[in-house]
Amino acid sequence: MSAPLRELERIHRSYGPGLAEPKAALLDQLASRRLPTASAVRRFHEVLCFLRAYPDSADLLARVERLLASFARRPDLRRHATALQDSGIAGTPTFYSFFHPTAQWLAQRWPKQLTVSWPDLERADRLEDILHLLALYAETPGLDEAPLSLREWVRRMKGADETDGTFLLLRMAALRADVWVRESVFEDLGIMFKLSAGPDTPSRTHAHLPRGRNHFVSGPLSGGRPDLDRVLRKRPPGVTSVPPAEASRMIDLAREAMVSRGRDLDAFAYASPDDVRVVDAGDGLEFVVIGMIPERRLLLESVYGYLTLRNGVPTGYGVVSGLFHSAEVAYNVFDPFRGVEAAHVYGQVLAAFRHLLGCTAFAIYPYQLGGEGNTEGLRSGAWWFYQKLGFRPRAPETVTLMREELARMRRRPAHRSSLATLRRLAAHNLYHHIGRPREDVMGVLPFANVGLAVTDLLGRRFGSDREAGEKILEREMAGILGQGSRRGWTAGERLWFSRWAPVVAALPGVADWPLADRKALGAVIRAKGGRRESDFVRAFDGHRRLRRAIRALATTVG
């Protein structure tokens, strides 16, 4: 085991006078030392990623960046590359069953690196069943009778300069079917891909977006809990709209952050370059907030993904769903950065979305708390992390259990909740309200009932002929809203005018609303398909009559 590595791990999160120099000396020693195990290589890489995000000085940062730039060429990395697969370290392969849009993006950007991991193909029979859909009709005699295995068929069908993975994705894209059908077929196949290492393939090693002036750490990092209400009263220091070209680079960074960690996120996979903003939280902390393309937005709530940057280095990510002046928030910190400023950063996440979406209430769902099989969250004590920040349960059984645990802690300060108790606590949402608690918030309102009301209406009026029904309802809605020509509307705005027609038809008494409210409803619907989905949230939440009507549908038992 490397003594310099152990010492660097011991001091790398400590900051103050005289600490940058020993870190630099240890980095210089480790630059040319061959580490003996894959674990040691990974640990050294984690320290470098941390120090890039939290550098002591310009001199130390320069050392770290040189080491990361050459990391894939280290002899010890090459020696242990197989053992380090799926680590996200440059020079190592990644195996993952990517979402369809992510796999397509990889095939476009790195067509030579993307292959099928045949030993991991668990649903080969399903791919074999649809192989004829990927061929021309003239090929069917061979497909029907030639004794070739699936892998042999793909090898025979693909071009000489194509990989099997890229070939399958290009043929899936050529299927004569709606994009939703193609994606459904692809997801059902569950293809495991291998992304081989290339000079610029996604990696955690090179993940960095230069963001101007670097912020250096001169003192201890904040490990305490913030006063959440105080944090939420403050506006972020800056919110910047990002032009599409720069937005595309930020979206690529977010996707690469997911790919290099064997993850995927709809908000990044279906990201819109027209709806990207950077929230500056100060001291080198930023959030790249990414909206979705209009076609992929949800019917009611608005979804945003965000990538956390510290000095341009991705340190975490999350997703926020907002409506009714409220939001459900998911928060994730990447491994090298856990245990540092978690509460501070989380408070800034909430402050950012309070500003962007006008939220006065926040909800955390069970998985984030360690429920629904999230053993890692359970063992980390995530439930108490949020409770100590001021989040509280609504479910009576959880309130009772929380009070019992708090009483035990008062009697015996060393008491810690057992995993069984944490599992019970994490079975229900937690909430934080600015001001008086409300019932009409995300996590409480059952939006499924809105969908059921629409289904009932469509079934009664149109049965199986839903497409014709949507067109009829669209004409009816145009009359109710006083909406004439939609000339000049974007494709997304027209799409959402159609999608919301059944919803408007299900709203009780909408035809009797004052004309001003009906016209304002038209503006709300148009905003759903507009450039920024946050505009829809603001417009919806500002329409009191619409909010009451949707709440009435949501709280009607289906």
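The values are calculated or read from the model by the stated rules, or taken from the named source; none is laboratory data. Worth saying up front: this structure is predicted, and the values here are computed from it rather than measured. Counting neighbours? That spans all protein chains shown, and the Cβs are built from the backbone with ideal geometry, glycine included. The protein model used for the area step is the full one, side chains on, heavy atoms only, and it has no ligands, DNA or RNA in it. Shrake-Rupley method; radii C 1.70, N 1.55, O 1.52, S 1.80 Å.
Mean 1/r over all different Cα pairs, inverted: what Kirkwood radius does the stretch 211-356 give, in Å? Spell out each step's value before the answer.
On the way: mean 1/r = 0.0640 Å⁻¹.
Hydrodynamic radius (Kirkwood, Cα only) of the stretch 211-356 equals 15.6 Å.
Taking a ≥ b ≥ c as the square roots of the eigenvalues of the Cα gyration tensor of the stretch 233-318, is the shape rounded (a/c under 1.5), prolate (a/b larger than b/c) or oblate?
The shape class here is oblate.
Taking the convex hull of the alpha carbon atoms in the stretch 361-405, what volume per residue do you get, in Å³?
Taking the convex hull of the Cα positions in the stretch 361-405, it is 79 Å³ per residue.
Given bins 20 angstrom wide, list per bin the percent of all Cα-Cα distances in the chain, short to long.
Using 20 Å bins, I get a P(r) of 18, 47, 31, 4 for the chain.
In what sequence, largest accessible area first, do F391, F99 appear using a 1.4 Å probe?
Working: F391 0, F99 60 Å².
From most accessible down to least: F99, F391.
Order the peptides 341-351, 409-419, 52-62 from the highest to the lowest mean number of other Cβ atoms within 10 Å of their residues. Could the numbers behind the result be given before it?
Numbers: 341-351: 21.0, 409-419: 10.6, 52-62: 19.1.
By packing density, highest mean first, the sequence is 341-351, 52-62, 409-419.
Put +1 on the Cβ of every Lys and Arg and -1 on every Asp and Glu Cβ in the chain; which of Q108, V329, G291 then has its Cα farthest towards the positive end of the dipole?
Of the listed residues, the answer is V329.
Divide, for the stretch 111-168, the radius of gyration over alpha carbons by 2.2 N^0.38 Å, where N is the residue count.
Compared with the compact-globule rule of thumb, the stretch 111-168 sits at 1.12.
Shape call for the stretch 502-548 from the C-alpha gyration tensor, a ≥ b ≥ c root eigenvalues: rounded (a/c under 1.5), prolate (a/b greater than b/c) or oblate?
Judged from the Cα gyration tensor, the stretch 502-548 comes out prolate (a/c at least 1.5, a/b above b/c).
Within the chain, how many Lys pairs that are eight or more residues apart, or on different chains, come under 19 Å at the alpha-carbon?
5
Could you let me know the centre-to-centre spacing of the stretch 119-172 and the stretch 369-437, using Cα atoms, in angstrom?
When both Cα centres are located, 51 Å separates them.
For the stretch 259-320 and the stretch 73-104, what is the separation of their C-alpha centers, rounded to whole Å?
Centre-to-centre distance over Cα atoms comes out at 23 Å.
Positive end of the dipole of the stretch 4-86, charges at C-beta (+1 Lys, Arg; -1 Asp, Glu), about the Cα centre: which of P4, F71, A83 has its Cα farthest in that direction?
Of the options given, the answer is A83.
Ordering D188, D541, D144 by how much accessible area each has at a 1.4 Å probe, largest first, what is the list?
Values: D188 70, D541 5, D144 120 Å².
Result of the area sort, largest leading: D144, D188, D541.
Please give the per residue accessible area of the chain, computed with a probe of 1.4 Å over protein heavy atoms only, in Å².
Per-residue value: 46 Å².
Measure off, as a whole percent, the carbon and sulfur share of the 1.4 Å-probe accessible area of the chain, all protein chains present. Walk me through the numbers before you get to the answer.
Numbers: 12770 of 25550 Å².
Carbon and sulfur together cover 50 percent of it.
Among G484, L350, L131, flag the residue with its Cα farthest along the positive direction of the charge dipole of the chain, charges on Cβ as +1 for Lys/Arg and -1 for Asp/Glu.
Highest projection toward the positive end goes to L350.
Could you give the spread of the C-alpha atoms of the stretch 371-470 along their three principal axes, from largest to smallest, in whole angstroms?
Per principal axis, max minus min of the Cα coordinates gives 66, 33, 19 Å.
Please quote Rg/Rh for the stretch 3-67 to two decimal places, taking the Kirkwood radius as Rh and restricting both calculations to Cα atoms. Show your work: numbers first, answer last.
On the way: Rg = 10.8 Å, Rh = 11.7 Å.
With Rg and the Kirkwood Rh in hand, the quotient comes to 0.92.
Based on DSSP H runs of at least 4 residues, each adding -39500 (n - 2.57), what is the mean residue ellipticity at 222 nm of the chain after dividing by all its residues, to the nearest 500 deg cm²/dmol?
Counting only the DSSP helices, I get -14000 deg cm²/dmol.
Run through all the Cα pairs of the stretch 52-165 and give the fraction in each 5 Å bin from 0, expressed as whole percent.
Result, from short to long distances: 2, 9, 13, 15, 15, 13, 9, 7, 6, 4, 3, 2, 1, 0 percent.
FRET efficiency for D512 and K388, Cβ-Cβ distance as r, R0 = 60 Å, nearest 0.05?
In this case the efficiency is close to 0.75.
Starting from the coordinates of the alpha-carbon atoms of the stretch 417-496, obtain the Kirkwood hydrodynamic radius over all distinct pairs and give the value in Å to one decimal.
Answer for the stretch 417-496: a Kirkwood hydrodynamic radius of 17.3 Å.
How large are Rg and Dmax for the stretch 433-558 when only the alpha carbon atoms are used, in Å?
In order Rg, Dmax, the Cα atoms of the stretch 433-558 give 14.9, 47 Å.
When the C-alpha atoms of the stretch 383-427 are aligned to their principal axes, what extent does each axis show, in angstrom, from largest down?
Taking the Cα atoms of the stretch 383-427, the three principal extents are 26, 22, 16 Å.
Could you give the Stokes-Einstein D for the stretch 293-394 in µm² per second, using the C-alpha Kirkwood radius, 4 °C, 1.567 mPa s?
Numbers: Rh = 14.5 Å.
The Stokes-Einstein estimate is 89 µm²/s.
Taking every pair of alpha-carbon atoms in the stretch 340-382, what share in percent sits in each 10 Å bin, from 0 to the bin with the longest distance?
Over the stretch 340-382, the share of Cα pairs per 10 Å bin runs 26, 40, 32, 2 percent.
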